[in-house]
1. Which shape class applies to segment 111-170: rounded if a/c is under 1.5, otherwise prolate when a/b exceeds b/c and oblate if not, where a ≥ b ≥ c are the square roots of the Cα gyration tensor eigenvalues?
2. Return the distance in nm (one decimal) between the two label points of a simple spin-label model at PHE99 and LEU60, each offset 7 Å from Cα along Cα→Cβ.
3. Any chance you could give the angle, 0 to 90 degrees and rounded to 10, that helix 150-165 forms with the longest Cα principal axis of the chain?
4. Taking percent of Cα pairs over 28 Å apart as the quantity of interest, determine which of (i) 38; (ii) 13; (iii) 42 was computed from the displayed structure.
5. Please report, for the Cα atoms of segment 26-80, the Rg to one decimal and the Dmax as a whole number; what are they, in angstrom?
6. Full extension from LEU41 to SER118: what is 0.36 nm times the residue separation minus their Cα-Cα distance, to one decimal in nm?
7. List residues of segment 7-46, by number, whose backbone nitrogen lies under 17 Å from a label position 7 Å along Cα→C-beta of LEU72.
8. From the phi of every residue in segment 30-47, what ³J(HN,Hα) in whole Hz does the Karplus formula 6.51 cos²θ - 1.76 cosθ + 1.60 yield, where θ is phi - 60° and glycine or proline is x?
Amino acid sequence: MAFINPQLEIERLPVADEIVMEPMDEAYRREVQTQQIIIWLPLLLASFVPFLLAQIYFLLVIPVIALVLAALVSRLVVKMAAVKGIALRTHDIAYQSGFHWRKTVILAFNRVQHVEVSSGPLQRKFGLATLKFFTAGGSSVDLKVDGLKRERAEQIRAHVLNKSNSTDFA
């Protein structure tokens, strides 16, 4: 049998931008906002220490700068969480992330060797989980999806493992 490798027409290839992404659960936005409060609140409180110790009003500029920085960073992080999305298709899973620099990862089910569902304390409070996909040849996570309801993550995990163990990829 001879080796055949025909050239493909680029115009006829599927376009990843046409994939309709399912947004992350609404609880994910609240979890991200809570994370930001947990991170920034101690820093904001600590920024008042120089003023309280020295009683110099000029030092109030430190908490003001910290507050502005916290607001800007938190807003950006929440917006980044809002653009994340996932799509299950017949032969693969697609994940989109990024606010300014968009990234779409498409992972074929036949490459998946292991799928893990995990959740930290804050995720458990909001009923969320992280779905981690591992493929052949690597020991690290190839795709990590935050912001899914725990039940949805388990459902996707079971579906992907069923598909990855299946020989029907026609």
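FYI, it's all coordinate maths here, none of it is from the lab. Keep in mind it's a predicted model, so treat the numbers as computed, not measured. We place every Cβ from the backbone using ideal geometry, glycine too, and count neighbours over all the protein chains shown.
1. Verdict is oblate for segment 111-170.
2. So the label points at PHE99 and LEU60 sit 2.9 nm apart.
3. Approximately 30 degrees, to the nearest ten.
4. (iii)
5. Both quantities, over Cα of segment 26-80: 13.4, 44 Å.
6. Extra length available between LEU41 and SER118 comes to 25.1 nm.
7. 40, 44
8. Running phi through 6.51 cos²θ - 1.76 cosθ + 1.60 with θ = phi - 60° gives 5, 5, 5, 4, 5, 4, 5, 5, 4, 6, 8, 4, x, 5, 5, 5, 5, 5 Hz.
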